[in-house]
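Asks: Pasting a structure here, questions to come.
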Amino acid sequence: MITFTSRKHSIRNADLITRKAHSVYPHISESKITSMIGKDQVKDLFFGRMSLEYALKFAAERLKIEIDEKNTYQYVIESLKKGLGNCFEESKFAELIAKINGQNNIYSGKIYAGKGFAKHEVAFITDIKINADKFYRFKNKEAIILDPWLGITDYAENYFTRITKNYGKILGIKSYSKPKLQPDLSGKISARKLAEYKKNHPELIIKNFKKIKV
């Protein structure tokens, strides 16, 4: 958890996006349940009303929505409102929330860790020019990572040190690897569509939000 009196303003502002992406639409992550508990040890969760079987049923419904670059954000909102969201949905949602609040230099991407992709995606803010086909290993303050799935917001090097140490086994990140990010630029949104989202989803507006400087 962030201690607001001790962290820089940029991290604190970015964390407002991270928290909203995770909590504004109550949902569960079947991938988190599976990775932490295992299919063979599933118990009723969330006050006895949610089980892995129920979560996977939601997942099956989610997959009926075809995703392309024109409806990625709409898919994400529908999925989260139905009660399901994994790291992909949450990172894309963080992207959308940031853009609605005027932060344009935000992206999402997969973590590449050594010999392949880790089982995780995050959002990140950077002033560096981003291309879809490249891999980026940011120096610490070249990027801020927003990870709604794990509830972490931090500068790039700090973030990767933390997750490699604490979540490496779950996410498939070897201790010796030096993680990089490959951006996913699949989400396209026009100024008109962004204005529609802002009008139709006032719950995504962050009051007194200040643009984040990296």
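Any read-out appearing in this document is the output of simple, stated calculations on the displayed coordinates, not a laboratory observation. Remember, it's a predicted structure, so these values are computed and weren't measured experimentally. All Cβ positions, glycine included, derive from the backbone under ideal geometry; neighbour counts span all protein chains shown.
Asks: Where the centroid of each part is defined by its Cα atoms, how far is the range 170-212 from the range 103-134 in Å?
Replies: The range 170-212 and the range 103-134 have Cα centres separated by 11 Å.
Asks: What is the sum of charges around Gly151, taking Lys and Arg as +1, Asp and Glu as -1, for the other residues whose C-beta is under 13 Å from the C-beta of Gly151? Display every interim value, and only then the final one.
Replies: Numbers: positive: Arg19, Lys20, Lys32, Arg162; negative: Asp15, Glu90, Asp147, Asp154.
Summing Lys and Arg as +1 and Asp and Glu as -1 gives 0.
Asks: In which sequence would Leu96, Leu146 go, from the one with the fewest C-beta neighbours within 10 Å to the one with the most?
Replies: On the way: Leu96 25, Leu146 31.
The order, fewest Cβ neighbours first, is Leu96, Leu146.
Asks: Extending each Cα 7 Å along its Cβ direction at Thr161 and Asp133, get the distance between those two points in nm, one decimal.
Replies: Result for the modelled spin labels: 3.5 nm.
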